[in-house]
Each structure stands twice: as structure tokens, then as C-alpha cells.
Amino acid sequence: MNVSPYFSAKYADARAKFLDAATAAHARLKSYRNPTRGPEGEELFTDTAWVGPADAERVLMSISATHGVEGFCGSGVQVGWHDSGLAKELPEGTAVLTVHASNPHGFAWLRRVTEENVDLNRNFVDHAKDYPVHPAYEELHEAICPRGWDDADIAATGTVLDAYTEKHGAFALQEAITAGQYRHADGLFYGGNAPTWAAATLHEILKRELAGARRVAVIDYHTGLGPRGYGERICVHAPGSPDLARAESWYGGDITSPAQGNSASAELTGVNLVGIVEALPHAQVTGIALEYGTIATDDVIFALRADNWLHAHGDPASTKGQEIKAQIRDAFYQDADDWKQIIWERGINTQNLALKGLCEG
Ligand SMILES: [Zn+2]
């Protein structure tokens, strides 16, 4: 089976394919319009599709494009799940809620962040409380996000970051940049100082769709970390908790835990799973991020720094801007048949294990 046609090269195409496939699968659809527009003036939406009994207490929720540009991956699996006939094979009393383009602005603009320049997966913190502080990011902010992006700027800031790696190691640099920061609104991995439109929309979806759910599995599709094509099941439930134990059991031990230091991901603050758990006190939630590798982490971070510069100081329509957009797209989406095939197989395998877990306990 050739799964490549399920994947799209643009947000608008991904959305059209998703709505077509979900409609054909007799899903109940709902659309949430984002207040911004895409680069071609197109309207942007988060769309949801519900397949299965309206009163199902067991629900698998799949999410794509939490990190905008990473949405090409999750969208492909979501489209294919509806189109391939799998949507007809649900266990009794079980439903699938698909959230397509949780961050449609980032998806359309080929950005990891939302329209507020916020990392949605760092935005689920209590904004009334003091924010987590990450001194390592503070130390490196100027080098991570320089005002200029010519060869000299890249070389000079690269020297600073290389020196940090030399002293503390590559993973420490990744952690410093990616953990999540709440002080520099123009910086990378900024968690925001208020709930974003996308966070508020996810809350609305949870309230509307999952009020009657008792057992919820979450699979949040991501890309950009780990070996090319490999799908790491990252679980942020607390070490020692029954939730982490349940996830380990469902996925046959094939999960990782940043808190236990065995993941390609650093420990993060404000991730969406925390917001989902808090919003569903009546349900038992078992969640993972399914994180697929693309290119080397260094190159991914370089593409993110360039993109951050572009949208803060440059012109996305310029030749240089177009080069940077191509670079960031490749950093989060491999437009290659072999990559799409392994993304699909691991994605469907993971969804099937989650559906089985929901039914068995
Ligand atoms: Zn991500």
C-alpha cells in the first residue's frame, strides 16, 4: 500500500484531504477558525473529527501540528486512518477524536510556533504563578537569537554555542534551548505569558468532546528529534505514577521518559498533556508524544534559529527568506516515500495499541 498520497506539501491541501477523508468515514466534524490567515491569504482552522458512538466512554485522541510545521507528519497518518478503512474497525464502545492542525498558523507558515510566537507545547502552565526559570537559556539567548543572520553573525554565535557544548555537552545545549522559557517573547521555545488561541481552542475541544469520556488515550504527533524515521513514544507522566505504568504496559515497555533520562527529549515545562490531564479530572488519561526523527538535532536547531530571525528581522518573501523556509520544512518533514511509509506503520501500530489498551485496562 502506497501511503504517500495521504501526506501533503501544504497546510491547505492537508486540511482539504482531512475533511474529505473524515467526511467519507462519516465522522462528526467541527471547525475552529483561527483569527489569522496563511501566507496566501487562506483561512486557517483547527478541525476535529469524531468517529464512533457519540456516548463512547473510551476515546483515542490524536493530535497533529501542536508544533505547526511538524503537522505534515501527523496529518498524513490522520488522513490515512480515515481513508484506509481502519476507521470502520473500531472496538465496540470506543471512539476516535482526531484533532487536525492544533496550531494551524504554524502549520501554514512553516513555523514551529503559534501566531503569538509561542511554543504551544510549553504554553500549558499556570500563568497566575511564577514561571519556571532556565538560567542556561538566559545565558545563551543573545547567541541563540542574534539580530543579524549573515555569515559573520552565524559564525560568531556558533562559536558561543560550540563553547557551551564543549563545556557542558551537546544534550545540555539542547536542554538549554528547548526546555521552555518565559522571559523572551522574541526568543526560541517561548512558552508565552497567557494561553494562546491554540491552547484555548484545545480546551474548548476537550470540554465539548470529552465531557463524557472516562478513559482517554492521547497520541500527539511530533517531528524533529531522534534518528530519521524512528518514532519515539515519549511519555511525560510522572515516574512512579500509575499513569506511566499503564503507558508502559500498553506499549509493551516501548516508551521513554524524559524525567528518567532515557529520551531524546529534554525535560520540558508546560506541555499539552499536562493541560489535557487537568482539563479532564473525570477521566483516566494515558498520553504520549510520538516523536519522529528527521535530520540531525544540530541542523534542526539551526533551522529554528534562522526561522526565528526571519520572522523577527527578515522578509519571508525574499530569496533568503524562501531558503530559510525550505530549510525549516525539511527539518520537520521528510518529503520521501520511505520516510512516510515508516511514519505510517509506526503511527498505526501505536494507535492500535492505544485502542487495545483503552479496552483492556
Ligand atoms: Zn514537536
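The values are calculated or read from the model by the stated rules, or taken from the named source; none is laboratory data. What you see is a predicted model, and the numbers here were worked out from it, not measured in a lab. Cβ placement follows ideal geometry from the backbone for every residue including glycine, while neighbour counts extend to all protein chains displayed.
Of note:
- Flag for Val218 being within 15 Å of the ligand (Cβ to nearest atom) and not in a loop (DSSP other than H, G, I, E, B): yes
- Looking only at residues of segment 53-67 that are among the aliphatic types (A, V, I, L, M) and either free of Cβ contacts under 8 Å to residues at least 60 places away in the same chain or within 12 Å of the ligand (Cβ to nearest atom) (or both), we find that the one that is farthest from Ala12 (Cα to Cα) is Ala54.
- Selection count, segment 182-215, where residues are within 16 Å of the ligand (Cβ to nearest atom) and farther than 28 Å from Arg37 by Cβ: 0
- Single condition Lys340 does not satisfy, out of (1) over 19 Å from Ser62 (Cα atoms); (2) under 18 Å from the mean Cα position of the chain (by Cα): (1)
- Selection within segment 90-119: residues that are within 14 Å of the ligand (Cβ to nearest atom) and of a type in the set (Ser, Thr, Tyr). The member of this set that is farthest from the chain's Cα centre (by Cα) is Thr114.
Here's the yes/no breakdown for (1) among the aliphatic types (A, V, I, L, M); (2) surrounded by fewer than 24 Cβ atoms within 10 Å (Cβ to Cβ); (3) within 16 Å of the ligand (Cβ to nearest atom):
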{"position": "Asn121", "(1), (2), (3)": "no, no, yes"}
{"position": "Val125", "(1), (2), (3)": "yes, yes, no"}
{"position": "Ala128", "(1), (2), (3)": "yes, yes, no"}
{"position": "Glu139", "(1), (2), (3)": "no, yes, no"}
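- Where a residue in segment 327-351 is farther than 18 Å from Ala289 by Cβ and its partner, wherever it lies, is of a type in the set (Val, Ile, Thr) and away from the ligand (no atom under 16 Å from the Cβ), with Cβ under 8 Å and at least six apart: Lys340/Val3; Gln341/Val3
- Filtering segment 221-245 to residues that are within 13 Å of the ligand (Cβ to nearest atom) and either of a type in the set (Phe, Trp, Tyr) or free of Cβ contacts under 8 Å to residues at least 12 places away in the same chain (or both) leaves only Tyr221.
Quick grid of which residues meet (1) at pLDDT below 95; (2) in a helix (DSSP H, G or I):
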| site | (1), (2) |
| --- | --- |
| Arg233 | no, no |
| Leu244 | no, yes |
| Asp254 | no, no |
| Ala266 | yes, no |
| Thr269 | yes, no |
| Ala303 | no, yes |
| Ala317 | yes, no |
| Ala331 | no, yes |
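- Qualifying residue in segment 68-89 (condition: more than 16 Å from the ligand (Cβ to nearest atom) and within 16 Å of the chain's Cα centre (by Cα)): no
- The sole residue among Tyr11, Tyr32 that is surrounded by 13 or more Cβ atoms within 10 Å (Cβ to Cβ) and closer than 22 Å to Ala95 by Cα is Tyr32.
- Here the condition is being within 20 Å of Leu97 (Cβ to Cβ) and basic (Lys, Arg); of Lys325, Lys340, Lys356, Lys320, it holds for Lys356 alone.
- For Glu139, the conditions (1) farther than 30 Å from Ala54 by Cβ; (2) in contact (Cβ under 8 Å) with a residue 40 or more places away in the chain; (3) part of a helix (DSSP H, G or I) all hold with the exception of (2).
- Residue in segment 303-317 that is in contact with a Cys (Cβ under 9 Å, 6 or more places away or on another chain) and either in the same structural domain as Gly68 (by TED's automatic domain parsing) or within 14 Å of the ligand (Cβ to nearest atom) (or both) present: no
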